[in-house]
Amino acid sequence: MYTLLEQFSHWLKFTGIHLFVVRNAWVVPASQSLHFIGLALMFGMVGLLDLRMLGVAKHLPLGPINKVTPVWGFVGFTINLITGFLLYAGDPVQYFHNVAYRWKMLFILLAGLNLFAFWVTGTSKKVDSIGADEDAPGLAKLMAAASLFLWIGVMFWGRMLPFIGSAF
């Protein structure tokens, strides 16, 4: 798997996407700005749901929050997916060999698995029925705490990219 990803990174360096990123001075700063906006949107939605499941703002019913947050969280994640790929394409080999980038990708994978478990276990449906001043089930609280930890980890490792591993 490692070799396959490394080969992909080397291949990507010789594609039109890479050339588009490196030949247009506006692509990286625009991608970074949109990446931050996407992250704020996604983490704002995910954080709202997670914090409510953990008992913050208990006067709000969880069902309506759980209905709106996945849509806007997905929009934010999609923005990040596109802009993150553009940033990666700008210097794929350097990103691939950066330990902070690997940790960031691991945290994203684990956060995605946590979200998958939230849906597959039926916890999401249980959360839909929770009204104001009611507590979320223990499993929902555990998943919410894990989600917050993992997404904060994604932000931490993303911020550490220029400081850990091969410097930019």
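The values are calculated or read from the model by the stated rules, or taken from the named source; none is laboratory data. Just so it is clear, the model here is predicted, and its values are computed rather than measured. So basically every Cβ, Gly included, is an ideal-geometry build from the backbone, and we count neighbours across all protein chains shown. Heads up: the accessible areas ignore ligands, DNA and RNA and are worked out on the full protein's heavy atoms, side chains in. Shrake-Rupley method; radii C 1.70, N 1.55, O 1.52, S 1.80 Å.
Can you confirm whether Val27 is farther than 27 Å from Leu150 by Cβ, touching a residue at least 60 places away in the same chain (Cβ under 8 Å) and touching a Gly at 6+ places or on another chain (Cβ under 9 Å)?
So Val27 fits the description; yes.
Could you check the stretch 67-168 for helices (runs of 4 or more DSSP H) lying wholly inside it with 2 or more residues that are of a type outside the set (Val, Ile, Thr), in contact with a Gly (Cβ under 6 Å, 6 or more places away or on another chain) and surrounded by 14 or more Cβ atoms within 10 Å (Cβ to Cβ)? Give the steps one after another, and end with the answer.
On the way: elements: 92-96, 99-120, 123-128, 138-160.
By residue number, 99-120.
When the residues of the stretch 50-66 are filtered to those that are in contact (Cβ under 8 Å) with a residue 24 or more places away in the chain and open to solvent by 20 Å² or more (accessible area, probe 1.4 Å), which remaining residue is nearest to Val127 (Cα to Cα)?
Pro61
Do you know which of the residues in the stretch 129-148 that are within 16 Å of Phe116 (Cα to Cα) and not aliphatic (A, V, I, L, M) is farthest from the chain's Cα centre (by Cα)?
If we take residues in the stretch 129-148 being within 16 Å of Phe116 (Cα to Cα) and not aliphatic (A, V, I, L, M), then Lys141 is farthest from the chain's Cα centre (by Cα).
Could you run through the stretch 102-139 and say how many residues are over 21 Å from Pro70 (Cβ atoms) and either in contact with a Leu (Cβ under 6 Å, 6 or more places away or on another chain) or polar (S, T, N, Q) (or both)?
So the count comes out to 0.
Considering the stretch 1-18 alone, what residues qualify as being part of a helix (DSSP H, G or I) and under 12 Å from Tyr88 (Cα atoms)?
Phe8, Ser9, His10, Leu12, Ile17, His18
Do the conditions hold for Phe14, that is, is it of a type in the set (Phe, Trp, Tyr) and under 22 Å from Leu139 (Cβ atoms)? Explain how you work it out, then say what you get.
Details: of a type in the set (Phe, Trp, Tyr): yes; under 22 Å from Leu139 (Cβ atoms): no.
In short, no.
Restricting attention to the stretch 1-28, report how many residues are touching a helix residue (DSSP H, G or I) at 6+ places or on another chain (Cβ under 6 Å) and either open to solvent by 90 Å² or more (accessible area, probe 1.4 Å) or of a type in the set (Gly, Ala, Ser) (or both).
Number of matching residues: 1.
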